[in-house]
Every structure is written in C-alpha cells, then in structure tokens.
Amino acid sequence: MYTELKLAQVQQTLDTLRNRIRERFPDSGLASVAGELCAIAEETEPVARRLGRPNWPVRVLVGFAVVTLLALSGGLVALISSVSVDVDGLSAMLQAIESAAQDLIFLGIAIYFLLTVEGRLKRRAALKGLRQLRAVVHIVDMHQLTKDPEHLLAPAERTASSPERQFTRFELSRYLDYCTELLSLASKLAAIHAQCVNDPVVLDAVNDIEILASNLSNKIWQKIVILDTIPGLEAGT
C-alpha cells in the first residue's frame, strides 16, 4: 500500500494546495501556476495508464516481424548448407559464409530495434510529460525570484525599477512555503512517470527534475529562515 505513489492522492493534494493559494492570494500568478500543475496532473492519468500496461498491438506486430526475419535467416542457412564442398564450391561457400555473417549481424540489429520499439514509444510519451513538469519547476522559481525578505529590513531602500513588494511578513512566508509545496508536488508527478516505465533515460530525467526542485526548494527555505530570524517584526507585519 505504501510502496508506490498514487496519482489520485497526488491530485487531491494538488487540488487542496491550489485552493489554499487562491484563497490566500486570489489574483496572484502563483495561483495560475498551481492550476496549470493540476491540469498536468489530470493529463498524467491517461499517460500513466498507457505506460503501465503492455502495448499489445505493437507487441503483435513486432512478434510477427521477428518471426519473419528468423524464417528468412533459416532459409539463408539452408541455402548455404546446400553448397557442395569441392574446389570451386569451397570458394563459393566461403563467400556465402562471409555474406551470411554480415546478414546475421544486420539481422540481430534489426531484431534488437524491433524488440525495443515499445520501450522507445513509452519513453517518448514519458519525456513529453517530464518536459512540462521541468518547465513548471522553473516557472515557480521565477515567481519567488523577487520575493526577498530584505525589503522588510529596509523598506525605504528601493529604486525606480524595484518590484512592488506589498506582502507582510506572514504573507511572504506563506507565499514562499506554497512555492516549496508546488516544487515538491511537481517532482512527485515526475516520479510517477518513472514508476510506470522502467527506462534508464526516463529515470535520469526524473532524477534531474527532483534534484532541480530540491535545490530550488532549499534556496526558498533560506529566505523563510531569514524571515524567522528578523528581529523586531511581528508575524502579521
């Protein structure tokens, strides 16, 4: 029961987080990002089902193609064995063996290619979803980029190009915490792709997203720690 991620539970957590962000920051871009992540989670459900079950049409076609290639190779071996071993036939047989060896190499490559078709199709579908999640992770980072606690220390030290910072200490802390939760849930959606398909390329892509989300989350938590250590500021100011 607790050995794999459940997409339904991840979706439920995402929906709750989206509602929390909308209630606290109804007109913020972060609320839109949360909504987009919920939409990606809904799109992940049919993809996860396809990745987790055999693609029987592809397997049947591949099986038929492999049997056909093996039958052709069997005919080739029978043809070579029918060559008579005499002075003239020996030379012809050696040439036939050399040609057959090359054909068998290409045959092995063709069979390997056919046997990996299903895995490559699943890999392409998984990587498409992972690219979306990686983009969302970077978008979350963009939204927290200007949410620095330093304006609470020196609110008057601003320039004409300084971004608008109207959050109180409490609001800023909640905003940054929501960002870390979005990053965590994005990495959980990525992990579901690796859970559904056993492919090293997909696993590496998921690991990259998880590392990226973890590093960005650590950076955000440094801001939260600074907020907690600012002296002389009440939680609601």
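The values are calculated or read from the model by the stated rules, or taken from the named source; none is laboratory data. Keep in mind that this is a model prediction, so the values were computed, not measured. Positions of Cβ are generated from backbone atoms using ideal geometry, with glycine treated the same way; all protein chains shown enter the neighbour counts.
Details
- Selection count where residues are under 14 Å from GLU118 (Cα atoms) and either exposed (fewer than 11 other Cβ atoms within 10 Å of the Cβ) or touching a strand residue (DSSP E or B) at 6+ places or on another chain (Cβ under 9 Å) (or both), scope region 34-63: 5
- Region 44-73 - residue that is over 30 Å from GLN12 (Cα atoms) and small (Gly, Ala, Ser) and, of those, modelled with the lowest pLDDT: SER73
- Flag: VAL206 does not match the condition of being of a type in the set (Val, Ile, Thr), modelled with pLDDT under 90 and surrounded by 14 or more Cβ atoms within 10 Å (Cβ to Cβ).
- Listed by first and then second residue, the pairs linking a residue in region 96-113 that is more than 13 Å from GLY75 (Cβ to Cβ) to a residue that is β-branched (Val, Ile, Thr) and at pLDDT 70 or above, with Cβ atoms under 9 Å apart and 6 or more places separating them unless they lie on different chains, are ALA110/VAL66; ILE111/VAL66.
- Complete set of residues in region 16-27 that are in contact (Cβ under 8 Å) with a residue 12 or more places away in the chain and assigned to a loop (DSSP other than H, G, I, E, B): PHE25
- Residue match in region 181-191 (condition: over 15 Å from the mean Cα position of the chain (by Cα) and either at pLDDT below 80 or within 19 Å of ARG24 (Cβ to Cβ) (or both)): yes
- Residue among ALA8, ALA31 that alone is of a type in the set (Gly, Ala, Ser) and surrounded by 13 or more Cβ atoms within 10 Å (Cβ to Cβ): ALA31
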